[in-house]
Amino acid sequence: MGLASKHLLGISELTPAEIVHVLDTAETFRAISQREIKKVPTLRGRTVINLFFEPSTRTRTSFELAGKRLSADTINISASTSSVTKGETLLDTARNLEAMSPDFIVIRHPSAGAPHALARICRAAVINAGDGAHEHPTQALLDALTIRQHKGRIEGLRVAIIGDLLHSRVARSNMHLLTKLGAEVRLAGPGTLVPAEFQALVAEGDLRVESRIEEAIEGADVVMVLRIQRERQSAAFFPSLREYAVHYGLNLKRLGGAHPDAIVMHPGPMNRGIEIASDVADGSRSLILDQVSNGLAVRMAVLYLLAGGSVLNQNMLAQTKPETATTTDTHAGTTTASAPAERLEPVAAGQTKSDDKRRVKSADHN
Ligand code: CP
């Protein structure tokens with residue numbers, strides 16, 4: 001089973017069954033990153049363009065690695081080195097990229113709705129890697145995968161999402177996902193950073209806006225801390241960063257109000273000592289780096305499912321033939337060749353080389 005839509009634009013458009021399907025598929029792909037040779041032929045011959053109009057470390061790198069580990073050709077384009085700097089519009093940029101027949105366009109853009117605009121004109125599958133303060137669907141999926149791995153479920157958990165809710169696409173995608181899967185979501189932040197209409201964003205499900213951070217954290221199984229997005233703040237939403245840390249930051253004392261087994265998450269990049277104290281970020285309950293690892297598996301799953309992936313079994317995960325894949329980074333202006341993947345025997349017992357060929361063919365036509 002693939003996904004109903006050919007694009008991934010937001011969590012609000014996914015059904016609970018589709019979300020669970022992505023998470024289950026990602027679990028299978030996690031195994032690949034734990035191998036010595038981290039490559040399978042699933043998307044051989046496909047092209048992924050990463051079109052990033054905002055900075056990114058985790059999302060861009062993991063989409064690139066996800067494509068490469070699935071044997072796709074991956075191209076990175078950043079705004080500063082694209083012809084957008086010469087006045088080309090986003091849609092003209094997309095039309096020109098489309099003329100080169102990519103299979104996927106992964107876009108991050110400061111304007112909400114930019115991926116949707118591309119999806120209307122592109123044959124390629126468009127994946128939203130963060131659009132303004134609207135959605136960041138793969139972040140919510142990787143967060144859910146991390147929660148499920150550590151808590152065994154999503155349904156019935158109490159999740160506190162605290163901090164800069166106003167500017168956070170991570171919060172919006174997580175609100176949709178967590179309520180769809182039956183979690184109780186408690187939101188809190190400085191009054192100036194909590195939009196009045198938040199409650200109405202989620203049509204059904206258990207979502208509450210608390211007036212104090214401590215109320216949201218009380219008894220929480222998961223505490224999700226949001227980054228203060230200073231780059232999006234044109235006004236002074238709080239007196240100073242020091243005051244923010246004192247009144248709204250997650251420190252060990254505040255975390256003490258959560259469930260004793262509560263886990264701590266942060267999408268990154270962190271402002272240490274502001275929204276999260278270092279002893280919490282680096283503490284035993286922190287899953288911040290697990291989130292990053294899961295981001296790779298989730299993005300592999302999303303690429304696979306949008307390519308029409310159906311039967312994911314051990315044969316699918318057999319490793320690829322030696323080949324040299326290249327990635328061009330237009331930001332750095334360099335082209336690099338990845339090391340050839342070593343040929344290993346197929347994973348499934350009794351599988352032959354002709355099985356292997358059939359598997360590649362069928363994956364390509366799914
Ligand atoms: N969480 C996240 O989106 O991080 P990046 O901005 O580094 O991609």
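The values are calculated or read from the model by the stated rules, or taken from the named source; none is laboratory data. This one's a predicted model, so the numbers in the text were calculated from it and none came from an experiment. Cβ sites come from the backbone with ideal geometry, for glycine too, and all protein chains shown count toward neighbours. These accessible areas exclude ligands, DNA and RNA; they are computed on the full protein's heavy atoms, side chains included. Shrake-Rupley method; radii C 1.70, N 1.55, O 1.52, S 1.80 Å.
Things worth noting here:
- Percent of C-alpha pairs per 10 Å bin, region 43-116, short to long: 19, 53, 27, 2
- Apportionment of accessible area to carbon and sulfur, region 31-97, percent (1.4 Å): 52 percent
- Placed amide H near VAL185: partners under 5 Å, 5+ positions off or other chain: VAL159, ASP206, LEU207, ARG208
- When the pairs LYS39/LYS86; LYS6/LYS68; LYS6/LYS39 are compared against a 32 Å limit on Cα-Cα distance, LYS39/LYS86 fall above it.
- Proximal charge balance of ALA4 [Cβ under 11 Å; K/R count +1, D/E count -1]: -1
- Computed on the Cα trace of region 1-154, the radius of gyration divided by the Kirkwood hydrodynamic radius gives Rg/Rh = 0.96.
- Peptide ranges 140-146, 303-309, 88-94, 248-254 listed from the most packed, as the mean C-beta count within 10 angstrom indicates: 140-146, 303-309, 248-254, 88-94
- Separation between Cα centres of region 292-309 and region 16-63, rounded to whole Å: 4 Å
- Taken over the alpha carbons of region 205-277 as equal point scatterers, the Debye sum produces base-10 log I(q)/I(0) values at 0.12, 0.18, 0.28 Å⁻¹ of -0.34, -0.76, -1.41.
- Solvent-accessible surface of region 170-232, taken per residue with a 1.4 Å probe and all protein chains present: 39 Å².
- For region 1-131, the per residue solvent-accessible surface stands at 39 Å², with DNA, RNA and ligands left out and a 1.4 Å probe.
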